[in-house]
1. Let me spell it out: the conditions are (1) farther than 30 Å from residue 429 by Cα; (2) free of Cβ contacts under 8 Å to residues at least 60 places away in the same chain; (3) outside any strand (DSSP E or B), and residue 284 meets all of them except one. Which number is the exception?
2. With (1) closer than 22 Å to residue 519 by Cα; (2) in contact (Cβ under 8 Å) with a residue 12 or more places away in the chain as the list, and residue 39 as the residue in question, which single condition is left unmet?
3. Using the structure shown, decide if residue 182 is in contact (Cβ under 8 Å) with a residue 24 or more places away in the chain and either within 21 Å of residue 490 (Cα to Cα) or of a type in the set (S, T, N, Q) (or both).
4. Give the number of residues within segment 253-281 that are closer than 18 Å to residue 368 by Cα, part of a strand (DSSP E or B) and not hydrophobic (A, V, I, L, M, F, W, C).
5. Which condition does residue 387 not pass, out of (1) surrounded by 17 or more Cβ atoms within 10 Å (Cβ to Cβ); (2) over 23 Å from the mean Cα position of the chain (by Cα); (3) more than 27 Å from residue 221 (Cβ to Cβ); (4) not hydroxyl-bearing (Ser, Thr, Tyr), if it passes all the others?
6. Here are some residues: 193, 289. Which one is without any contact (Cβ under 8 Å) to a residue 40 or more places away in the chain, assigned to a helix (DSSP H, G or I) and of a type in the set (A, V, I, L, M)?
7. Of all residues in segment 456-498, which are of a type in the set (Gly, Ala, Ser) and part of a helix (DSSP H, G or I)?
8. Whether any residue in segment 321-328 is crowded, with 19+ Cβ neighbours inside 10 Å, over 19 Å from residue 372 (Cβ atoms) and in contact with a Leu (Cβ under 6 Å, 6 or more places away or on another chain) is what I want to check.
Amino acid sequence: MTTRSELDAFLGPRRATERARLGIVVGGSLSEGLRIKLDIGAVPGGIIEDMAVGRYVVIGGQTGKSFFSIVTDIALDSTNPALEKTPPDTDDPFISEVFRSTAAFGRLQVSPMLALEEGGDPKPVKTIPAHYSVVYTATEADVNRIFGEADEKHWHIGEPLDMSGVKVNLDLARFVERSSGVFGKSGTGKSFVTRTILAGVIKARTASTLIFDMHNDYGWEVIDEAGRRFKGLRQLFSSVQVSVITLDPQTSQHRGSKVDRALQIGYDQIDPEDVEMLAGLMGLSDVQVGALFFLRRRLGKDWISKLLDETIPEEVTNIVEQGSIHAGTLGAIQRKFELFRRMDFLRPGTTDDAVDDIFNKISAGTSVVLEFGTFGNMLEAYVLVANYLTRRIHKKYVERKNKAAGNKAEEPNPLMIVIEEAHKFLDPAIAGHTIFGTIARELRKYNVTLLIVDQRPSGIEEEVMSQIGTRVTCLLDNEADIRAVFSGVSGGSALREVLARLDTKQQALILGHAVPMPVVVKTREYGQELYEAVGFVEGEALKKKAEKGTEALFGA
């Protein structure tokens, strides 16, 4: 072990407080990035082994300007191509070291992101540094200058790679200003990242959130693959800040979840537009979907109850006899509607109006988590409920916004709707007709935005993806998904290799509206430190807080 590594092991990793020289600029362009020739280093060739794709460097320009840049590729190079064909005798360490100190060298490909001038704010890059400009490692001060200090509206989301203790902060106001997305293949920790972001949004009261919690990841408690337990949002915040509503009271009770109420929807409250979203999942043809609207007009609000009635009502029989609908079409619809009997939260009749209750909570600044329990495994139930509630709440937001007529005090509280398996709602074939596609395209016109969580961004309509303001992306290995994440992103091609090199856990590439430049982070640990950051304390920390309160009240 070297002296430096021994010191690091004893004292912990060094903080990046001073810039260290890495090399010089030897070529490149603004569109393709810059080529950096690495210095020899204390150990010849050693600098390259300390580099990583996604790390930050600062290039000192010749006019006092600095260029904050990200490493997008790492390569080996030499002054003479013949060295690749006829390498030196590596059995002799001295000879190898001589070549690594002279003819062979490491090379970086970096993409300039922001231009920094003394006393000025970071600005988008419109030029490049001159030949032989010196390249340095980025310091903690450099990162803080770019991403700002944590405050009420800036939330710690993670640390840059290899910069332990340096915080990258998400601008929460800008995050909820437009629709956003969290992407990543299964098992990469999307729900942990999403929960971390939501904790910041709720704490800062930047917006209310309506979370359609398919896998029970956000409400009371979540258990990871290793069996570890983590607190959900309801444990971290008061009932005034977070309310949990369940579709499956029995499962919620079994899991020990504290819920505020159970959700019930009456058959008479469902419209054909709610069922239309299920056409693909239920196998409804275009003819059958069209028939739903006719049946609703003819049979009235009890249309579903009448279609499911075991003793077929005369009204239904008359429709067939009059030739309004073919008997085969009606029979197929009735058979497929049998699915609704398996959804226990659907009732033949209920006086309960869940929409008004949820809207009132959201308007008061409360975030709502809708737990699906065992119905999370029934995609039809998830799509039905998410579409049913979102359509009606969005309608109320439109009415409230129009009524306010520009009076900010009368406008509804900003709302961010969180949906999982988003490609089921935003598929190119249907996105133009769904409420979710409408919300994504409105760009917060009515104070409503989306946070979509998905493992298949390629399944989301291209126009909708282009409206996603902030993209938080964990590891993706499907080429179509990677292409979709970078659609409409300037300089996206340079970041593809960065995304492909992410670890499978606890790393993400963040780009877009809520960050000044793309950033690769080791995501924040979702644990005790975060709990305390949102104001939740327990155990020894709670005891110390109580002692401090007693001292403040009565004196030491």
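1. (1)
2. (1)
3. Spelling it out, residue 182 is indeed in contact (Cβ under 8 Å) with a residue 24 or more places away in the chain and either within 21 Å of residue 490 (Cα to Cα) or of a type in the set (S, T, N, Q) (or both).
4. Total meeting the criteria: 1.
5. Among (1) surrounded by 17 or more Cβ atoms within 10 Å (Cβ to Cβ); (2) over 23 Å from the mean Cα position of the chain (by Cα); (3) more than 27 Å from residue 221 (Cβ to Cβ); (4) not hydroxyl-bearing (Ser, Thr, Tyr), the lone unmet condition for residue 387 is (2).
6. 289
7. Within segment 456-498, 458, 459, 466, 480, 484, 492, 493, 494 meet the criteria.
8. Just the residues of segment 321-328 that are crowded, with 19+ Cβ neighbours inside 10 Å, to begin with: 325.
Filter again for over 19 Å from residue 372 (Cβ atoms), leaving 325.
Still in the list and also in contact with a Leu (Cβ under 6 Å, 6 or more places away or on another chain): none.
No - not one qualifying residue is present in segment 321-328.
The values are calculated or read from the model by the stated rules, or taken from the named source; none is laboratory data. Here the structure is a predicted model, which means the values were calculated and not measured. Note: ideal-geometry Cβ built from the backbone for every residue, glycine included; neighbour counts use all protein chains shown.
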